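Asks: Below you will find the structure I want to go over with you.
FYI, it's all coordinate maths here, none of it is from the lab. As the structure is a computational prediction, the values presented were derived from the model and not from experiment. All Cβ positions, glycine included, derive from the backbone under ideal geometry; neighbour counts span all protein chains shown.
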Amino acid sequence: MKIAPASGLLFLLVVPLAAADPPRIFITDASSVQVSAEPLPGQGHALIESTQGVSSRNLVVMNRFVELCPSVKVTGNIEKADYIVRVRRPEPSPFTPFVKGNQIAIFNLDEDLIYSTSASYVKKAVKQACGELERLSGE
């Protein structure tokens, strides 16, 4: 018994493509981390603790990213982040109370600077950073 090959027939396998996960960003202050050490008696070493809280001004930036940049996900876990976003929002000066230098820098996980921007308004700085994050995720 001979079996003829199925010539001329084309079988297509349709596989739905899963949507790629949006890039995750971890937002932090550009300020230095507070470090404290306490010697442990009789053990020859110290207990070192580092802290860096989330300021209310950082929460404003986080809210702006959620509002203006739906193509990225803000995470509170740096280990799950694809990018680190550092924010510097200086305290208002009594000499220039209405001028703020909102600065945003985007780093990859190797701590290499990828992008930075500054603007008078947080919203504008976030929009610019969001555009760069969208460009990076499209590469």
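Asks: In nm, give the distance between the simple-model label positions of Y121 and Q103, each being 7 Å from the Cα along the Cα-to-Cβ direction.
Replies: Here the answer is 2.2 nm between the modelled labels.
Asks: Full-extension gain between R24 and K80, please, as 0.36 nm times their residue separation minus the C-alpha to C-alpha distance.
Replies: Numbers: separation 56, 0.36 × 56 = 20.16 nm, distance 0.71 nm.
Working it through step by step, the gained length comes to 19.5 nm.
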